[in-house]
1. Does region 108-167 hold any residues that are closer than 12 Å to Glu85 by Cβ, part of a helix (DSSP H, G or I) and within 12 Å of the ligand (Cβ to nearest atom), and which are they?
2. Just one of (1) surrounded by 15 or more Cβ atoms within 10 Å (Cβ to Cβ); (2) out of contact with any strand residue (DSSP E or B) (no Cβ under 6 Å at 6 or more places or on another chain); (3) at pLDDT 95 or above trips up Gly50, so point out which.
3. Name the single residue, out of those in region 136-170 being among the aliphatic types (A, V, I, L, M) and buried (at least 20 other Cβ atoms within 10 Å of the Cβ), that is farthest from Asn112 (Cα to Cα).
4. Does region 81-91 contain any residue that is open to solvent by 50 Å² or more (accessible area, probe 1.4 Å) and in contact with a strand residue (DSSP E or B) (Cβ under 6 Å, 6 or more places away or on another chain)?
5. Tell me which of these Gly183 doesn't satisfy, since it passes every other one: (1) within 26 Å of Asp43 (Cβ to Cβ); (2) open to solvent by 50 Å² or more (accessible area, probe 1.4 Å); (3) small (Gly, Ala, Ser).
6. Filter region 70-90 for residues that are under 20 Å from Ala177 (Cβ atoms) and either assigned to a loop (DSSP other than H, G, I, E, B) or away from the ligand (no atom under 15 Å from the Cβ) (or both) and give the result.
Amino acid sequence: MADGLATSVTLSLPGWLVADLPGLPDALATPAEQMALVHRLADRNWREGGGGPFAAIVVDGVTGELVSVGVNVVLGTGISAGHAEVMALALAQARLGTWDLGAERDLALVVNWRPCVQCYGATLWSGVRRLVVAGEGPELEELTRFDEGPVVADWAEQFEARGIAVTHDVLRDEALAVYRAYGESASTVYNARGTGPVEHHP
Ligand SMILES: [Zn+2]
């Protein structure tokens, strides 16, 4: 074996969020309550410096039980795939001991915008039966300067065709407020090879 090659990676939640976990509710009854937590975590995340203004949670779609939480950890870990959806889905799978989150339960991924091109795939393959998003559209890229990639125009229909019900526009204005605050800060935007789609800069 070639010397020096890495043999494992670790994607861990940031310390501030680990410290916060005991104070989180066991269940969040409504999509609005669930999204409010997502927005709170997303706003804290970029201010703590570990990654972008993105958070996601996995909840039981029937009971609202909180199954996992995730935030973007790209800057904190140096791993470009460490998006909030990947973290929440993987941590739910780790907790439940299965790669198929839809095999036995009606689980939902709740996230503060339509998933990027990477997380679109990660969500499709996770088995979740529901996706709840705060919004879609160009505002995220315009406000934050992140490149979301070439997500297909019929992304929601593609989810629905695979048995993943999509709920749109839950606390959309609150999502934009987080992105606006981030975009007006001096935070690092970590698109591949620089700061990305400057043509989107407002
Ligand atoms: Zn993503």
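The values are calculated or read from the model by the stated rules, or taken from the named source; none is laboratory data. In this text the structure is predicted, and so the values were computed from the model without any measurement. No Cβ is skipped: glycine too gets one built from the backbone with ideal geometry, and neighbour counts run over all protein chains shown. Note: areas computed on protein heavy atoms with side chains; ligands, DNA, RNA excluded. Shrake-Rupley method; radii C 1.70, N 1.55, O 1.52, S 1.80 Å.
1. Answer for region 108-167, where residues must be closer than 12 Å to Glu85 by Cβ, part of a helix (DSSP H, G or I) and within 12 Å of the ligand (Cβ to nearest atom): Val117, Gln118, Cys119, Tyr120, Gly121, Ala122, Thr123.
2. It fails just one condition, (3).
3. Ile164
4. Within region 81-91, one or more residues are open to solvent by 50 Å² or more (accessible area, probe 1.4 Å) and in contact with a strand residue (DSSP E or B) (Cβ under 6 Å, 6 or more places away or on another chain).
5. Result: Gly183 passes all but (2).
6. Asn72
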